[in-house]
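The values are calculated or read from the model by the stated rules, or taken from the named source; none is laboratory data. Model, not experiment: these values are computed from the prediction. We place every Cβ from the backbone using ideal geometry, glycine too, and count neighbours over all the protein chains shown.
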Amino acid sequence: MGSAIDLLVPRPFNGAGAALQMNEADQLTNLELVMGALEQIGLVFSAAPNGGGMIEPGALLRGSPRELLLFSMYLYQSLPHYVPKTTLEFSGGLHTPLAKTLELSNPSKKPITYAVRLEGAPCFRLPADSVQIASKGSYAFPVEVNSRLPRTRTRTRTRTRTLDP
């Protein structure tokens with residue numbers, strides 16, 4: 001992130017750390033990767049007052065110190081919500097369906113809708129892609145897995161050597 005937000009990186013003394021300097025094309029590429037990752041997880045940083053689309057990486061790269069500070073504060077406030085709070089551990093036999101429930105709660109006074117996305121192995125299943133929880137309510141969201149061994153391929157190479165007598 002420091003390569004994209006140049007003001008956040010302290011300047012080295014006496015030219016030390018010259019390898020940290022990046023050209024603008026590399027900075028733009030890094031910022032495009034960061035913005036793409038943010039968009040993929042649903043964090044859209046927009047400069048428009050009513051929301052709108054994601055700000056262009058080039059515009060953010062050439063942004064004013066004020067805009068860069070706003071972007072940094074947006075990340076500071078938003079990213080902690082993406083830290084996992086718990087881990088589901090499944091234990092059981094092979095080829096048997098297993099299920100665990102994830103308790104979701106809504107402490108607010110208004111109903112809330114969670115969008116659910118599962119990434120990873122295809123053996124995991126979710127019953128729905130969204131769930132709405134009433135105010136001050138909770139919901140036991142099931143996560144299912146059909147445990148199995150992954151298919152593996154094994155290649156064997158044999159070498160023969162003849163020894164001269």
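Data for the structure
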quantity	calculated
Selected residue (criterion: modelled with the highest pLDDT) from residues of segment 128-165 that are of a type in the set (A, V, I, L, M) and not in a strand (DSSP E or B)	Ala134
Tally, over segment 58-90, of residues that are among the basic types (Lys, Arg) and either in a loop (DSSP other than H, G, I, E, B) or in the same structural domain as Ala140 (by TED's automatic domain parsing) (or both)	2
Tabulated pairs, segment 99-123, first part of a loop (DSSP other than H, G, I, E, B), second of a type in the set (Val, Ile, Thr), C-beta under 7 angstrom, 6+ apart or interchain	Asn106/Ile112; Asn106/Ile133; Pro111/Ile133; Val116/Val131; Cys123/Val145
Test: Leu98 is surrounded by 11 or more Cβ atoms within 10 Å (Cβ to Cβ) and either within 20 Å of the chain's Cα centre (by Cα) or farther than 23 Å from Val143 by Cβ (or both)	no
